[in-house]
1. So which pairs qualify, if the first residue must be in the range 107-125 and in contact (Cβ under 8 Å) with a residue 12 or more places away in the chain, the second must be β-branched (Val, Ile, Thr), the Cβ gap must be under 8 Å, and the two must be at least 6 apart or on different chains?
2. Within the set of pairs 6 or more residues apart or between chains, which connect a residue that is under 12 Å from LEU167 (Cβ atoms) and polar (S, T, N, Q) inside the range 188-202 to a residue that is in a loop (DSSP other than H, G, I, E, B) and open to solvent by 50 Å² or more (accessible area, probe 1.4 Å) with Cβ atoms less than 8 Å apart?
3. Specify which of the listed residues (LEU150, LEU110) is of a type outside the set (Gly, Ala, Ser), open to solvent by less than 60 Å² (accessible area, probe 1.4 Å) and within 28 Å of GLN89 (Cα to Cα).
4. Pairs needed: first member in the range 130-144, within 12 Å of LEU95 (Cα to Cα); second member anywhere, open to solvent by 80 Å² or more (accessible area, probe 1.4 Å) and assigned to a strand (DSSP E or B); C-beta distance under 8 Å; at least 6 residues apart or different chains.
5. Considering every residue within the range 167-181, establish whether at least one is aromatic (Phe, Trp, Tyr), within 26 Å of LEU225 (Cβ to Cβ), at pLDDT 90 or above and in a strand (DSSP E or B).
6. So for the range 207-221 (the condition being at pLDDT below 95, surrounded by 14 or more Cβ atoms within 10 Å (Cβ to Cβ) and polar (S, T, N, Q)), does at least one residue qualify?
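The values are calculated or read from the model by the stated rules, or taken from the named source; none is laboratory data. Please read all numbers here as calculations on a predicted model, not as lab measurements. Cβ atoms come from the backbone with ideal geometry, glycine included; neighbour counts cover every protein chain shown. Heads up: the accessible areas ignore ligands, DNA and RNA and are worked out on the full protein's heavy atoms, side chains in. Shrake-Rupley method; radii C 1.70, N 1.55, O 1.52, S 1.80 Å.
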Amino acid sequence: MVTVDTALSDPHAPPAPPPRHRIRPPEQPGPSTQERATTAPARPRPAAAPPQPSRPASPPPSRSTAPTEPSTDASAASSQSATLIGSVQRAMRLLECVAGHENGAPAKQLARETGLALPTAYHLLRTLVHEGYLCRDKGLFFLGDAAVRLSSGAAQQKRRVTIVDALARWRDAIGVPVYYAVYQEGEIEVVCVSDTPGNPAVEEWADFRETAHAHAIGQCLLSQLDESARRDHLDRYPVQSITPYTVRDNHALLKRLERAKRLEPVTERQEYALGTVCAAIPITVGTSAATMAISLPAQQADRLASAVEQLQREIGQLLGSLALSISI
């Protein structure tokens, strides 16, 4: 029999020991061992982003199929072709084709040779005839007056370029300004002058056309004319005093021109411009009178003869190509 102590316990006495199977209160969440080792408080973790819908992974492009940038040349060509006018191109092809047939050509042949449809060729040919670039005679097409003017203008420009290039070459080789002048329709025309800042040309302070008697260019051109043409020129532009060295009157000038030998250079010293000496070489092809000339400061007058000789040699080497260019 077990005896149970029923005596009341002292209210101030410590609590009775727990039973054998003590139930612990639930532990409060605390820092982990690693977190306790640090003194900084733990940061709250950001909320996880909502899952994104998965996309199928695209395979990496292979070397052979990798995209490439468009070629700059191809882009420029495409841009240029977009600005071209096809009808103009086709009309120019027709003009070139007609120019290749000295005896003319019919529309069907021109269309075939240019690769144009016959109705298109007919339309362009009628337009070119209307504008004067073609003419039609007995069913054949020929170049018209407008096309001939274009051709002559192009040839004239080509001749001018030939002269300009030649003068620049002689200017650099001799070291003097070089002039080219012609006598056309009763007038003296200085066509081209080639000089440098170190060797400047003579300033035209008095009109070259009215003072042919005073400068080497004018005297050289007048010497190539017959007597009646000389007198006609002097009637229109009589001799007048330009400098103290200028020839005095028409009679004295005509005598000088008569004494000038054919193809001999003509020289003058300070007759047109004080402090300047000049020489001009006559160039005569057919009925056209032309001249190449040079100028030097008066203090270099001793160089004039050798410079003229060198210019004569240079002209002789190119006279064949210049023969068609002296009447620009």
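1. Taking only residues 6 or more apart or on different chains, the pairs are LEU110/VAL98; ALA121/THR114.
2. Hits for this filter: zero, empty list.
3. Values: LEU150 fails: open to solvent by less than 60 Å² (accessible area, probe 1.4 Å).
Just a single option satisfies the conditions, and that option is LEU110.
4. Listed pairs, sorted by first residue: PHE142/ARG136.
5. Yes: one or more hits.
6. No; the residues of the range 207-221 include none that is at pLDDT below 95, surrounded by 14 or more Cβ atoms within 10 Å (Cβ to Cβ) and polar (S, T, N, Q).
One line per residue, one yes/no per condition, for (1) touching a residue at least 24 places away in the same chain (Cβ under 8 Å); (2) crowded, with 18+ Cβ neighbours inside 10 Å; (3) more than 17 Å from PRO177 (Cβ to Cβ); (4) not acidic (Asp, Glu):
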{"position": "ARG269", "(1), (2), (3), (4)": "yes, no, no, yes"}
{"position": "THR276", "(1), (2), (3), (4)": "yes, yes, no, yes"}
{"position": "ILE281", "(1), (2), (3), (4)": "yes, yes, no, yes"}
{"position": "ALA289", "(1), (2), (3), (4)": "yes, yes, yes, yes"}
{"position": "SER295", "(1), (2), (3), (4)": "yes, yes, no, yes"}
{"position": "ALA298", "(1), (2), (3), (4)": "yes, no, no, yes"}
{"position": "VAL308", "(1), (2), (3), (4)": "yes, yes, no, yes"}
{"position": "GLN312", "(1), (2), (3), (4)": "yes, no, no, yes"}
